[in-house]
Amino acid sequence: MKPTGRLIFFALSRIRYLPAHDGTPPQILIPEQIQVHLLELLTIDPAQPRWTTD
């Protein structure tokens, strides 16, 4: 399968973000290995979300 932009965006669209709540840190939930690989290629650490609510 050829990695098209459409397939990449589809794979990344399944990643879920849980904002911080009641003292727990924010989390990124990654259900499939392909998302892990794409985040590695983009040099994004899922353990360090960059979003803020400020």
For this session: Read phi for every residue in region 24-40 and hand back ³J(HN,Hα) as whole Hz from Karplus 6.51 cos²θ - 1.76 cosθ + 1.60, θ = phi - 60°, with x for Gly and Pro.
Result: 7, x, x, 9, 10, 9, 10, x, 10, 5, 4, 5, 4, 5, 5, 5, 4
For this session: At 0.36 nm per residue, minus the direct Cα-Cα distance, what do His21 and Glu40 gain on full extension? Give it in nm, one decimal, please.
Result: 4.2 nm
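All of the numbers you see were taken from the coordinates with simple rules; none came from a lab. Small disclaimer: the values here were computed from a predicted structure and weren't measured.
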